[in-house]
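S.K.: Right, I'll just put the structure down here and ask away after.
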Amino acid sequence: MTSLPRPTRRDALRLGAGGSALGALALTAGCGSEPAAGDARALRIAQKSEPTGLDPHLESGLDGMNVLINIFDTLTMRDSSNELVPRLATSWEAVDEHRWRFHLREGVTFHNGESFDAASVKFSIERLIDPATESTIIELRAVDHVEIVDEHTVDIVMADPDPVIPEKVSLFGGVMLPPGYLEDVGDEEFAAQPVGTGPFRFVSWRKAQLLRLEANAEHWNGRPAFDELHFTAMPNPASALAGIQSDVVDMVSALDPEAALQLEGYKDVALDKYPGIRMYFVVLDTEHEILRDERVRRALNHAVDVPLLIEAVLNDSGREAATIVPQEAFGYVPDIPPPERDPDLARELLAEAGHADGIELRFTSSNKEQLVCEALAGMLGDVGVTLDLELLEPGTFAERLESDDPSSLGSMYLTGSTGWTLDGGATLQSYIRSDRRRSRIRSDHADALMDTIEQTIDPDTRLEALQEMQQWLHDEAPFLFLYQADLDFATNGEITWEPNVNGTLAMETAR
Amino acid sequence: MSTSPAPSPSSAPSAETSTATTSPTSPAPSSRRHLLRAALTRLLSSLGVLWAAVTVVFVLSRASGDPVAQLLPENANPEQVAQMQATLGLDRPLIVQYLDFLGGLVRLDLGDSLLYREPVTSLIAERIPATALLAAAALLITVVVAFLAGSIAAMRRGTGVDRTVMGAVLVGQSTPAFWVGILLVLLFGVQLRVLPAAGYGTLAHLVLPATTLAIFSVAVVARLLRSSLIEVMGQDHVRTARAKGAGEVRVLLGHSLRNASMPVITVLGLELGALLGGAILTEQIFNWPGIGRLTIDAISFRDFPLVQGTVVLFAVTFIVVNLLVDLSYAIIDPRVRTEA
């Protein structure tokens with residue numbers, strides 16, 4: 001007699017779901033069919049947090065920006081293939097080192113009927129950089145002022161050269177505000193009833209509950225397919241998952257890999273995985289008495305099997321990295337290979353550096369990355385590197401990360417960094433130059449390269465510097481290179497939409 | 001922060017659980033003046049407690065880190081950090097910030113939230129209704145279920161009914177609320193789809209979070225009531241009632257429950273505090289737009305003014321509840337009332 005296959009836990013759950021669905025059906029059968037809640041087609045989105053406010057100049061968090069980017073248009077934009085494309089600016093060019101010229105789209109109006117023109121750009125950018133605004137958006141710090149050339153042309157005039165201005169006005173710094181409306185109602189009322197040129201208009205916001213937007217039929221790029229967007233903050237991944245399974249929301253953004261794993265195999269839940277731009281790496285203190293030796297740093301890189309880490313811990317939600325520059329960024333060098341994952345080689349290098357008996361290092365991270373840290377500790381332990389692992393509450397970790405005291409994070413720390421401008425310099429800038437607080441590198445050569453990357457307008461020169469920098473990183477190994485995380489979305493399977501690599505929830509193209 | 005000392009069910013609960021100067025077992029010999037003075041002393045000591053609580057929070061929150069580190073993006077340079085600190089007033093000496101905070105407190109001005117850039121008082125006011133509703137519903141469930149369970153168990157002491165009820169209650173007391181919450185969501189929200197898994201607005205939304213929140217309190221109160229009832233039911237006046245032929249239900253309702261309620265009221269007051277603490281977790285699980293979620297946001301962003309504001313709220317609630325508990329003795333127990 002052949003034995004039946006043993007039922008798995010998932011089968012049991014499905015069986016339970018089937019049975020209880022019948023029960024629920026019986027319960028609701030008596031109630032008659034309820035009319036749909038209005039004919040409007042709403043897209044209900046859950047993310048971890050909601051905006052802290054609706055003034056786009058005061059919002060530097062991505063979750064807040066995910067809402068605001070639907071109300072406000074930016075000068076430029078990243079499309080779903082990550083190209084920088086026109087938005088409210090139709091074209092742009094560097095006039096000289098201190099001047100970026102933007103040609104503006106004509107016939108665009110704000111939600112209140114006010115028309116968008118050069119004066120709106122001047123007002124918006126100068127409001128952002130005005131210290132009185134107290135903006136936490138710092139990307140436009142090199143801008144001095146804006147000059148109106150004609151009604152549909154502006155010059156952004158720089159105090160210091162910045163080659164990445166067109167990229168930087170594709171998100172946070174690039175939103176366009178209506179000067180007339182702001183003058184009429186003031187900052188506070190503007191933040192309560194924001195008006196932009198975007199594909200959706202603001203309707204209402206009940207804090208910690210629901211933020212509603214409606215389609216802007218007059219949008220210059222056409223009316224969006226969805227009639228309404230609903231944003232809800234669901235900080236707890238378990239309730240977000242329950243939300244999608246119980247049809248409280250249609251889409252959950254930015255799922256943790258382990259949360260995504262729980263959803264696999266459920267009916268009516270689709271898991272969508274897209275390449276993301278967030279880089280994860282371990283910063284090694286190159287001044288530390290042991291890590292000062294480049295052989296030790298290379299040994300650490302050889303000891304960690306990143307493909308295995310991605311498979312086992314991240315549920316395949318990531319791509320192995322050979323650098324801290326994301327693959328989609330300007331200046332990424334594809335032909336530098338990731339360090340060979342070879343524990344024997346690691347042991348050899350450690351012995352060569354005089355540490356045949358093993359070493360001990362203090363390793364700090366946010367407790368959000370606990371699983372990754374434990375995997376790292378295991379793999380490094382195999383070659384004789386004992387980690388004194390310190391997992392910190394995220395707020396405490398962030399505070400130490402910005403602290404003036406580099407020793408507060410020990411000899412190495414794990415970090416994640418999102419360079420949303422998609423420029424190779426974005427991640428590098430906080431971790432390489434010796435005067436940056438997150439940097440644990442003291443190298444004149446690297447500093448000089450960073451200056452070229454940060455201040456040269458000419459793309460070819462920058463590209464060269466970026467390439468040289470990545471080669472230097474490969475040789476010197478001041479980091480333990482890990483991975484570039486994917487973006488995990490869960491939907492009810494009825495939504496067609498594709499994010500760019502930043503994962504921003506611009507829902508204009510959702511169907 | 002929550003305090004719920006689980007009363008030992010075997011020891012006879014006494015009025016010692018009250019911190020009041022007006023103890024019901026030793027009514028003051030004199031007068032209204034005495035009561036008034038006691039109330040005043042009580043009020044002053046409450047203010048002292050409040051001051052201590054906010055001072056501890058002030059010190060601890062500042063020791064825990066710099067909010068600017070989280071407000072500004074990673075590529076901010078030191079000048080921008082310094083500028084933001086100056087804007088937020090965080091560069092001033094700690095003692096100045098502290099006195100400023102205390103001064104504001106007196107005027108009921110808790111400052112502006114660093115994260116939301118709105119007055120702390122209005123942020124808190126927005127969230128109070130949701131939390132109050134949740135706590136009230138949980139308290140109602142606690143009172144109804146715990147009184148039923150405790151009375152049944154006491155009347156059927158030592159039987160299978162008693163053991164079953166108290167066993168169920170013990171399970172409730174030893175199960176973490178977040179776990180119960182997740183189970184309830186999975187069962188009623190995801191599988192059966194009869195109740196909303198998250199959200200706020202209708203009575204249906206209230207059922208799961210209030211139940212989750214009430215489970216621990218139900219257990220504590222039911223066990224206490226059972227032992228308290230058992231003690232009272234052995235007293236002379238109850239024996240007399242029985243001797244006169246009163247039935248068990250009449251003995252319970254007419255002669256025992258009122259007396260047995262005294263210690264329960266004290267614990268209910270403490271439980272209300274525990275409910276507020278528990279709301280932080282429950283609100284997180286059920287996406288409930290109350291003070292609990294606001295507090296978590298405030299703590300994780302090192303939003304000092306907002307953390308201080310929520311702590312003031314919690315402290316004031318505790319203090320007020322304690323006062324109300326003491327007052328309620330006078331209403332329930334005639335021995336306290338007669339002296340006034």
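The values are calculated or read from the model by the stated rules, or taken from the named source; none is laboratory data. Since the model is a prediction, treat every value here as computed from it, not as a measurement. Glycine gets a Cβ as well: all are built from the backbone with ideal geometry, and neighbour counts include every protein chain shown.
S.K.: Restricting to the range B:109-132, name every residue that is of a type in the set (A, V, I, L, M) and either surrounded by 16 or more Cβ atoms within 10 Å (Cβ to Cβ) or within 25 Å of residue A:136 (Cα to Cα) (or both).
M.R.: B:110, B:114, B:115, B:120, B:123, B:124, B:130
S.K.: Against the condition surrounded by fewer than 23 Cβ atoms within 10 Å (Cβ to Cβ), in contact (Cβ under 8 Å) with a residue 40 or more places away in the chain and within 30 Å of residue A:246 (Cβ to Cβ), how does residue A:496 come out, does it pass?
M.R.: no
S.K.: Going by what's in this entry, would residue A:256 be described as modelled with pLDDT under 95 and away from every other protein chain (no Cβ under 12 Å)?
M.R.: yes
S.K.: Check A:344, A:388 and return the single one that is surrounded by fewer than 22 Cβ atoms within 10 Å (Cβ to Cβ), free of Cβ contacts under 8 Å to residues at least 24 places away in the same chain, more than 21 Å from residue A:276 (Cα to Cα) and assigned by TED's automatic domain parsing to the domain that holds residue A:471.
M.R.: A:344
S.K.: In addition: What's the number of the only condition in (1) aliphatic (A, V, I, L, M); (2) outside any loop (DSSP other than H, G, I, E, B); (3) within 14 Å of another protein chain (Cβ to nearest Cβ) that residue B:218 fails to meet?
M.R.: Only one criterion is unmet by residue B:218, namely (3).
S.K.: If you don't mind, there's one more thing I want to ask. Checking the conditions here, which among A:453, A:457 is in contact with a helix residue (DSSP H, G or I) (Cβ under 8 Å, 6 or more places away or on another chain) and either of a type in the set (S, T, N, Q) or touching a residue at least 60 places away in the same chain (Cβ under 8 Å) (or both)?
M.R.: Just one listed residue meets the conditions, A:453.
S.K.: Under 9 Å between Cβ atoms, which residue pairs at least 6 apart in sequence (or on different chains) link something in the range B:112-125 that is more than 10 Å from chain A (Cβ to nearest Cβ) and in contact (Cβ under 8 Å) with a residue 12 or more places away in the chain with a partner that is surrounded by fewer than 24 Cβ atoms within 10 Å (Cβ to Cβ) and among the charged types (D, E, K, R)?
M.R.: B:112/B:118; B:120/B:109; B:120/B:112; B:121/B:109
S.K.: Mind telling me which of the residues A:400, A:319 ends up being closer than 23 Å to residue A:473 by Cα, under 28 Å from the mean Cα position of the chain (by Cα) and basic (Lys, Arg)?
M.R.: A:319
S.K.: Pick from B:209, B:196: which is crowded, with 20+ Cβ neighbours inside 10 Å, within 14 Å of chain A (Cβ to nearest Cβ) and within 19 Å of the chain's Cα centre (by Cα)?
M.R.: None of the other options fit; the residue is B:209.
S.K.: Collect the residues in the range A:250-307 that are surrounded by fewer than 18 Cβ atoms within 10 Å (Cβ to Cβ) and in contact with a Lys or Arg (Cβ under 6 Å, 6 or more places away or on another chain), keeping them in residue-number order.
M.R.: A:265, A:305
S.K.: Going by what's in this entry, would residue A:430 be described as among the polar types (S, T, N, Q), away from every other protein chain (no Cβ under 14 Å) and part of a helix (DSSP H, G or I)?
M.R.: Judged against the criteria, residue A:430 is not a match.
S.K.: Considering only residues that are within 13 Å of the chain's Cα centre (by Cα) and of a type in the set (Val, Ile, Thr), which ones fall in the range B:312-325?
M.R.: Correct list: B:316, B:317, B:319, B:320, B:321, B:325.
S.K.: May I pose another question? Going by the structure shown, is residue A:70 in contact (Cβ under 8 Å) with a residue 60 or more places away in the chain and either more than 24 Å from residue A:205 (Cα to Cα) or buried (at least 21 other Cβ atoms within 10 Å of the Cβ) (or both)?
M.R.: yes
S.K.: Hey, can you tell me all the residues within the range A:55-77 that are part of a loop (DSSP other than H, G, I, E, B) and away from chain B (no Cβ under 11 Å)?
M.R.: Hits for the range A:55-77 are A:72, A:73, A:75.
S.K.: Now for a separate question. What number of residues within the range B:28-86 are of a type outside the set (Ser, Thr, Tyr), surrounded by 12 or more Cβ atoms within 10 Å (Cβ to Cβ) and within 11 Å of chain A (Cβ to nearest Cβ)?
M.R.: Going through the range B:28-86 one residue at a time, the tally reaches 19.
S.K.: Name every residue in the range A:220-250 that is under 25 Å from the mean Cα position of the chain (by Cα), at the interface with another protein chain (Cβ under 8 Å from one of its Cβ atoms) and in a loop (DSSP other than H, G, I, E, B), in order of residue number.
M.R.: Hits for the range A:220-250 are A:234, A:235, A:236.
S.K.: Please specify each residue of the range B:167-193 satisfying the condition of being among the aliphatic types (A, V, I, L, M), surrounded by 18 or more Cβ atoms within 10 Å (Cβ to Cβ) and farther than 19 Å from residue B:293 by Cα.
M.R.: Selection gives B:169, B:184, B:186, B:190, B:192.
S.K.: Also, quick follow-up: For the range B:155-177, does any single residue satisfy the condition of being more than 22 Å from residue A:232 (Cβ to Cβ) and within 14 Å of chain A (Cβ to nearest Cβ)?
M.R.: Yes, the range B:155-177 contains a residue that is more than 22 Å from residue A:232 (Cβ to Cβ) and within 14 Å of chain A (Cβ to nearest Cβ).
S.K.: Which of the residues belonging to the range A:435-450 are more than 17 Å from residue A:325 (Cβ to Cβ) and within 25 Å of the chain's Cα centre (by Cα)?
M.R.: If the condition is that a residue be more than 17 Å from residue A:325 (Cβ to Cβ) and within 25 Å of the chain's Cα centre (by Cα), then A:435, A:437, A:440 are the ones that fit.
S.K.: How do the helices (runs of 4 or more DSSP H) wholly within the range B:239-335 filter down when requiring 1 or more residues that are over 30 Å from residue B:181 (Cβ atoms) and either touching a residue at least 12 places away in the same chain (Cβ under 8 Å) or touching a strand residue (DSSP E or B) at 6+ places or on another chain (Cβ under 8 Å) (or both): which remain?
M.R.: Qualifying helices (runs of 4 or more DSSP H): B:257-286, B:304-332.
S.K.: Counting only residues that are of a type in the set (Gly, Ala, Ser), give me the helices (runs of 4 or more DSSP H) lying completely in the range B:32-149 with at least 3 of them.
M.R.: Answer list for the range B:32-149: B:32-63.
S.K.: Could I ask something else about it? Among the listed residues A:76, A:52, A:28, identify the single one that is loosely packed, with under 14 Cβ neighbours inside 10 Å and either more than 18 Å from residue A:194 (Cβ to Cβ) or modelled with pLDDT of 50 or more (or both).
M.R.: Only one candidate qualifies: A:28.
S.K.: Another one. Among the β-branched types (Val, Ile, Thr) and buried (at least 17 other Cβ atoms within 10 Å of the Cβ): does that describe residue B:106?
M.R.: no
S.K.: Within the range A:367-405, count every residue that is within 14 Å of chain B (Cβ to nearest Cβ) and either over 30 Å from residue A:353 (Cα atoms) or in a helix (DSSP H, G or I) (or both).
M.R.: 15
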